[in-house]
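Trainee: Take a look at the following structure, please.
The values are calculated or read from the model by the stated rules, or taken from the named source; none is laboratory data. No experiment lies behind these values; they were computed from the predicted model shown. Cβ coordinates were reconstructed from backbone atoms using ideal geometry, including for glycine residues, and neighbour counts include every protein chain displayed. Please note that ligands, DNA and RNA were not included when accessible areas were found on the heavy atoms of the full protein model with its side chains. Shrake-Rupley method; radii C 1.70, N 1.55, O 1.52, S 1.80 Å.
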Amino acid sequence: MTPELVIFLPLFGAVLRWTVPRLHPLRIVLAVVLAEEALVAFGDTARSPAIEGLALDPAGRVVLAVAALAALVVLSALADDATTADGIATGLVGLAGVALVVTTDASLVTAATASTVTALVLSWGLIRIVGSGASHRSVQRYLVWVLLAGSGLLFSGAFAGLYQQQAVPGVLAPAAALFVVGAGIFVAALPFSLWLPSLCDEAPEGAGLIVALLGCAVMAILEGTVADSPFLASDAALRGALGTGGGIAAIVGSFLALGEKRPGRAVAYLVGAGADFSLAGLASNSTDALVPALWLLGAQALAASLTLTVLFRVGRAGSARGAVSLSGLVWRRPLLGWSIVVGLLSLVGMPLTAGFVGRWETIEAAGWHVGGLAIGMLIASVLGGLAILRLFGSVFDASDQPAEPFRVVDLTAALIAVVLIVGGIYPWPIIALLR
Amino acid sequence: MILVADALVVTGVVLVGLLDGWKGAPVALGSQYLGLALVLLTPLGIIPSLVEIVIAAGVIGVLVTSSTAPSPSIALSPRIWLSGAFRARWFDLSVTAVAIVGALAVANERPVFGSDVDPIVDVLLFTGLLNCLVGRSPRIAGGLLLLASAGAVALQAVDQLSTRTDWFLLAVLQILLALALVRLRSIEGPRAPDRSGSAAVEGDGAT
């Protein structure tokens, strides 16, 4: 029953939110996430007897746990304010979509379709805030890109299926290319991340949820697909080129983040750089680099949801939506301030964070196959560090403002920060599960 | 029958390229879906064709019942659909024609699926991408739906929809996409400048 329950539990939470508005949204969020984590930790691993094709394997549990945690911090921030609490139902349906991707990741077609459906569901939350947050143009751009991603993955699945049936020549290369493009768009890897910066700037809460959930969906697709795919393990020269190209794109992303003046857009470029490294490592040495890629994407999902949620909360505290007030955050709201610091350090891959572990493991697995990947990561981390210092250093500024009252989102943000630090110090149990 | 089906699909994608507002979207996409249902009937059988008809009904139903007018109503009169729905911009028409010819050439040179669906998939893919990249909102919406149709037909052609979950998700994807697009349209409508008197009455607006 576990595979069905992990899907229907968030759906039930969403229905509850719609039908019983008096029920505090935060309670629904906490209940759903806690139950989801409990199912992931203690549920069985059998295939679903009722619904064809559903199963939950150990790696899928890790992915789902990450998705639930990332959703927790964003949804707790939304629940904190009556004007944004309507987005909780959409977020819970999105979490159910990711659960569907995780439980169907053995089939690229099913997982890709479920991922695209999840992306479309999440767009609903963005559409709701057009005018007061996200612009119409940004949402439209997002819809176009996620449909391109979904179509790419579906065609990739079609070509792979065709090859497995008939060994038709000349379909593996398009299948591989479309897979890389589709996955790259969903994880916002440069240069496929054109839809993300404006969203992070205009609607950081929506962007945080989208980056986290779609990143987890791609983790599930990679975990379920890469080992068996006929098109991702051939041609060493092509793999090397993809790896090098990904490394260069990551450096470019870090440069763009350094040049940005708006914090949300800088976070978007850092997310893109991290995604580039994970896909570059995977492309260069697909067998050994799968677990580091999954780890890096998971750390990215948590860090992005954390930092964008904090930007959303401090932005709403400002005089106008989008006016971010980070000055003295660690003194005004210590939990929130230190949490965003940890999240940003993880995004750029600083030591003692989960992001660093992912990058280190990627270099160990793929560094021999791609010349300059290690140096590229170092350069990108330095550039990213300078970017966050320039844009977010003000969190440590002395502030005359009194300490703000404690909110639940401070606690959930601190929880994610602790997870990122624990993941950076003692990652081996989770890595063993992913393997 | 294949020729008729192909002609319907080509007519549909040409009309998507000529959309002047949202009014003509149901007609353009309806033609395309009807053609797809006929295309799928011959090589793949009645069930894929019926599924395509159900999806078409869902998408067209969403488009027809959506309205930016204060009193939403179902516009069933063909005069409402066709009057001012399309504008023959020769540049757009020529670019669409180039895309269609190119798609047919690719399908002829390198058939992938080995059946009658190759030309249709390529036409939908090429014109869908074209409309997504260069069109205004109605054309972008049409282009996205064409892309989704292309993916669905390709998967059915290689028999990759092996479970009921796959069929269901594919149908949900296309209908959800239509819902998202019309919802976005309803927000765009009041803000965008309208281009003509009829467009203002219908609530359409070009971005």
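Trainee: Where only protein heavy atoms count, and the probe is 1.4 Å, what is the accessible area per residue for the protein assembly as shown in Å²? Walk me through the numbers before you get to the answer.
Mentor: Values: 23890 Å² over 642 residues.
It amounts to 37 Å² per residue over the protein assembly as shown.
Trainee: Taking a probe of 1.4 Å and counting only protein heavy atoms, give the total accessible area buried between chains B and A in Å², rounded to the nearest 100.
Mentor: Numbers: alone 10210 and 16850 Å², together 23890 Å².
About 3200 Å² of accessible surface is lost on pairing.
Trainee: According to a simple spin-label model (label point 7 Å from Cα along Cα-to-Cβ), what is the distance in nm between A:A173 and A:A398?
Mentor: Label-label distance for A:A398 and A:A173, simple model: 6.5 nm.
Trainee: Output needed: percent of Cα pairs per 10 Å distance bin for the protein assembly as shown, bins running from 0 to the one holding the longest distance.
Mentor: Going out from 0 Å in 10 Å bins, the protein assembly as shown shows 3, 17, 27, 26, 18, 7, 1, 0 percent.
Trainee: Then there is this: Please average, across the residues of A:138-148, the number of beta carbons from any other chain that are within 10 Å of each residue's own beta carbon, and give a whole number. Could you put the intermediate results ahead of the total?
Mentor: Working: counts 0, 5, 10, 1, 1, 8, 7, 1, 3, 13, 6.
Across the residues of A:138-148, the mean count of other-chain Cβ atoms within 10 Å is 5.
Trainee: Right, something else. How charged is the neighbourhood of B:P43? Take every other residue with its Cβ under 12 Å from the Cβ of B:P43, and add Lys/Arg as +1 and Asp/Glu as -1. Walk me through the intermediate numbers first.
Mentor: On the way: positive: none; negative: B:D116, B:D118, B:D159.
The answer is -3.
Trainee: Now, a different point. Report the local net charge at B:L129: Lys and Arg +1, Asp and Glu -1, summed over other residues whose C-beta lies under 14 Å from its C-beta. Could the numbers behind the result be given before it?
Mentor: On the way: positive: B:R139; negative: B:D122.
Summing Lys/Arg as +1 and Asp/Glu as -1 gives 0.
Trainee: Still on this structure, I have one more. For A:K261, B:K23, give the ranking by accessible area with the largest first, probe 1.4 Å.
Mentor: Details: A:K261 170, B:K23 30 Å².
Putting A:K261, B:K23 in descending order of accessible area: A:K261, B:K23.
Trainee: Which residue fluctuates the most in chain A, going by a Gaussian network model with Cα springs under 10 Å, if the choices are A:D81, A:D410, A:D400?
Mentor: For chain A, modelled as a Gaussian network with Cα springs under 10 Å, the answer is A:D400.
Trainee: Further, regarding this structure: For the pair A:R390/B:M1, report the inter-label distance in nm, with labels modelled 7 Å from Cα in the Cβ direction.
Mentor: Between A:R390 and B:M1, the simple spin-label model gives 6.4 nm.
Trainee: Go ahead and estimate [θ] at 222 nm for chain A from helices alone: -39,500 (n - 2.57) per DSSP H run with n ≥ 4, summed, over the residue count, rounded to 500. Mind dumping the intermediate values first?
Mentor: Values: 18 runs with 321 residues, N = 435.
Only helices count here, giving -25000 deg cm²/dmol.
Trainee: Now, a different point. Using a 1.4 Å probe on the protein chains only, how many percent of the accessible area of segment A:377-423 belongs to carbon and sulfur?
Mentor: Values: 1760 of 2440 Å².
Carbon with sulfur: 72 percent of the solvent-accessible area.
Trainee: With θ set to phi - 60° and the Karplus curve 6.51 cos²θ - 1.76 cosθ + 1.60, what are the ³J(HN,Hα) couplings of segment B:29-45 in order, to the nearest whole Hz, using x for Gly and Pro?
Mentor: Listing the rounded values in order: 6, x, 4, 5, 5, 5, x, 5, 4, 5, 4, 6, 5, 6, x, 10, x Hz.
Trainee: Averaged across A:150-156, how many Cβ atoms of other chains sit within 10 Å of each residue's Cβ atom? Before the final figure, lay out each step's value.
Mentor: Working: counts 6, 13, 2, 1, 10, 8, 0.
Neighbouring Cβ atoms belonging to other protein chains average 6 per residue here.
Trainee: What does the structure give for B:137-144 when I average, per residue, the other chain Cβ atoms found within 10 Å of the residue Cβ?
Mentor: Details: counts 3, 0, 0, 5, 3, 0, 2, 8.
Average per residue, whole number: 3.
Trainee: I would also like to ask the following. Explain nothing, just the number: relative contact order of chain A, from Cα pairs under 8 Å at least 6 residues apart, as a whole percent. Please list the in-between numbers first.
Mentor: Details: 812 pairs, mean separation 71.1, N = 435.
Dividing the mean separation by the residue count of chain A yields 16 percent.
Trainee: Here is a follow-up. Listed highest first by mean packing, meaning other Cβ atoms within 10 Å per residue, what order do A:301-309, B:137-145 come in? If you can, show how the numbers build up before the last one.
Mentor: Numbers: A:301-309: 31.4, B:137-145: 26.0.
The densest-packed peptide leads the list: A:301-309, B:137-145.
Trainee: Also, I was wondering about something else. Once both labels are modelled 7 Å past Cα along the beta-carbon direction, what's the A:L34-A:T83 spacing in nm?
Mentor: 3.1 nm
Trainee: To the nearest 10 Å², what's A:Y163's accessible area with a 1.4 Å probe?
Mentor: 80 Å²
Trainee: Further question: Can you give me the long-range amide H partners of B:F86? Hydrogens built in the peptide plane at 1.01 Å from N, cutoff under 5 Å, separation of 5 or more residues or another chain.
Mentor: Here B:D20 satisfy the definition.
Trainee: Accessible area drop of at least 10 Å² (1.4 Å probe, protein heavy atoms): which residues of segment A:97-123 qualify, relative to the chain alone?
Mentor: Output list: A:L100, A:V109, A:T110, A:T113, A:T116, A:V117, A:L120, A:V121.
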